[in-house]
């Protein structure tokens with residue numbers, strides 16, 4: 001799927017939405033943790049990342065932020081799980097959402113990938129961005145749309161792939 005050129009208003013709105021989102025993850029021993037762009041990951045997530053040093057919050061849903069049906073997204077997400085499983089990576093289930101809004105997008109927090117592998121996965125699943133979760137630094141948004149850079153500019157919480 002090829003991304004359409006976006007208007008500056010849509011690019012700014014999407015990046016604002018990504019920044020506003022809460023990226024929840026179910027922890028292995030129960031409970032949940034929330035990741036936020038520009039903030040340090042919760043201690044429970046940092047412990048789970050452990051020696052990998054970094055994890056990536058990825059999805060295959062809603063390619064290029066175009067809404068698909070629940071069924072289409074479930075098929076895409078299961079394909080992503082199969083790919084992560086085949087790579088031998090660890091993952092936790094999660095969902096991105098904006099508090100007070102009905103939108104939810106199922107995601108995986110994946111450890112055991114190199115950045116180049118995460119980039120490959122994001123591009124193959126037609127994602128505008130992923131969330132980068134380092135164990136020792138603030139969470140950032142990694143964007144795969146070079147055409148957005150002139151609109152969004154540079155910021156400490158954005159990475160350009």
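A short reminder: the numbers here are calculations on the coordinates, not readings from a lab. Since the model is a prediction, treat every value here as computed from it, not as a measurement. A quick note on method: Cβ atoms are made from the backbone with ideal geometry, for glycine too, and the neighbour counts reach across all protein chains shown.
Remarks
- Placing a label point 7 Å from the Cα of residue 7 along the Cα-to-Cβ line, the residues of segment 139-161 whose backbone N sits under 17 Å from it are 148, 151-152.
- Available extension along the chain between residue 154 and residue 32 is 40.8 nm, counting 0.36 nm per residue and deducting the alpha carbon span.
- Top of 110, 133, 75 by mean-square fluctuation, Gaussian network on the chain, Cα under 10 Å: 75
- Length gained on full extension, residue 86 to residue 124: 12.1 nm, using 0.36 nm per residue less the C-alpha separation.
- Highest average first, the peptides 50-60, 80-90 ordered by how many other beta carbon atoms sit within 10 Å of their residues are 50-60, 80-90.
- Here's the picture: a label point sits 7 Å out from the Cα of residue 17 along the beta-carbon direction, and within segment 69-83 the residues with their amide nitrogen under 20 Å of it are 69-77.
- Segment 123-138 and segment 66-107 have Cα centres separated by 14 Å.
- Rg/Rg_globular for the chain, with Rg_globular taken as 2.2 N^0.38 Å and Rg from C-alpha atoms: 0.97
- Of all DSSP-defined beta bridges confined to the chain, some 90% are antiparallel rather than parallel.
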